[in-house]
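The values are calculated or read from the model by the stated rules, or taken from the named source; none is laboratory data. Predicted model only: the values in this text are computed from it and were never measured. Backbone-built Cβ (ideal geometry, glycine too); neighbour counts: all protein chains shown.
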Amino acid sequence: MQTRQPKNIVILTGAGVSADSGIATFRASDGLWENHNIEEVATPEGYARNPELVQRFYNERRAQLLDPTIKPNPAHTALAELEAHYQSNGMGNVTVVTQNIDDLHERAGSKNVLHMHGELLKLRCVKTEQVVDWRSVEPVISSDGCQCCSPAQALRPHIVWFGEMPFYLDEIHYKLSQADLFVAIGTSGNVYPAAGFVANARNLGLPTLEFNLEASNNASLFSDSIYGRALETVPQWVRSLIHR
Ligand SMILES: [Zn+2]
């Protein structure tokens, strides 16, 4: 572990953090997401072929996310506490870059969150790309139109599909350039460009720390690795940073 207190920390989070809250995400191992083929529900081509099916899929994901049983877990809470502690003591900045499309980091209290793969509780106009909130289990149907165009255009899920450019890449690279520590939590190391951030961080000379259930494809790139469930390992690490 690094010996001096890191000032600016960039934390990449992935499916492993949300899994402990009961949210299933896309698995690269079998190419399925809740039994749906990824080409059908997470590509622009799939949406063009069958927008109703794609809307139904994200309606189901949204209803699951908004179910009262789904809550932030201790890993989300610990990261929010770390950010608040840094903020209130003027220690530096904690930025969460998440591949997750849920809002569990925000619900736990994190403020500084970049959703590089989009957000389930938002939709956007296919023409103007104006983003609107959709924090409701009310299903989106393909006849629901935007408010920004006349005639109204379709509102698509505000999700970065395979083959599309992730959001905030410039901002993420800037944050990395200002960081003293890069941390990855619960991410497989399979999905680029996020999987490449550890190499960017190393090129910038940053210490890099991985939390995972087991060694990821990228494990050898990290200077330190901690294995186990994120809801146990992450709070422990945060306590060690706050109380040193
Ligand atoms: Zn519009």
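Among (1) away from the ligand (no atom under 16 Å from the Cβ); (2) free of Cβ contacts under 8 Å to residues at least 40 places away in the same chain; (3) closer than 30 Å to Ala84 by Cα; (4) of a type outside the set (Asp, Glu), there is one condition Met165 misses while meeting the rest; what is its number?
Among (1) away from the ligand (no atom under 16 Å from the Cβ); (2) free of Cβ contacts under 8 Å to residues at least 40 places away in the same chain; (3) closer than 30 Å to Ala84 by Cα; (4) of a type outside the set (Asp, Glu), the lone unmet condition for Met165 is (3).
Could you figure out which of (1) closer than 20 Å to Pro74 by Cβ; (2) surrounded by 14 or more Cβ atoms within 10 Å (Cβ to Cβ); (3) hydroxyl-bearing (Ser, Thr, Tyr) isn't true of Ser216?
For Ser216, the failing item is (1).
Within the set of pairs 6+ apart or on separate chains, which have a first residue in segment 136-154 that is modelled with pLDDT of 90 or more, a second that is of a type in the set (Phe, Trp, Tyr) and near the ligand (Cβ under 9 Å from one of its atoms), and C-beta atoms under 8 Å apart?
none
Would you check if Ser21 is more than 29 Å from Asp170 (Cβ to Cβ) and either surrounded by 20 or more Cβ atoms within 10 Å (Cβ to Cβ) or of a type in the set (Phe, Trp, Tyr) (or both)? So that I can check it myself, show each step before the final result.
Working: more than 29 Å from Asp170 (Cβ to Cβ): yes; either surrounded by 20 or more Cβ atoms within 10 Å (Cβ to Cβ) or of a type in the set (Phe, Trp, Tyr) (or both): yes.
Yes, satisfied.
In segment 117-154, what residues are outside any loop (DSSP other than H, G, I, E, B) and touching a Phe, Trp or Tyr at 6+ places or on another chain (Cβ under 8 Å)? If you could, list the steps in order and put the result at the bottom.
First, pick out the residues of segment 117-154 that are outside any loop (DSSP other than H, G, I, E, B): 118-125, 131-133, 145, 154.
Once the filter is applied, which keeps residues that are outside any loop (DSSP other than H, G, I, E, B) and touching a Phe, Trp or Tyr at 6+ places or on another chain (Cβ under 8 Å), segment 117-154 yields Gly118, Leu120, Leu121, Lys122, Leu123.
Among the residues of segment 110-142, what is the count of those that are away from the ligand (no atom under 14 Å from the Cβ) and over 24 Å from the mean Cα position of the chain (by Cα)?
Total meeting the criteria: 2.
Before we move on, is Val113 buried (at least 19 other Cβ atoms within 10 Å of the Cβ), at pLDDT 95 or above, closer than 25 Å to Gln64 by Cβ and among the β-branched types (Val, Ile, Thr)?
So Val113 passes the test.
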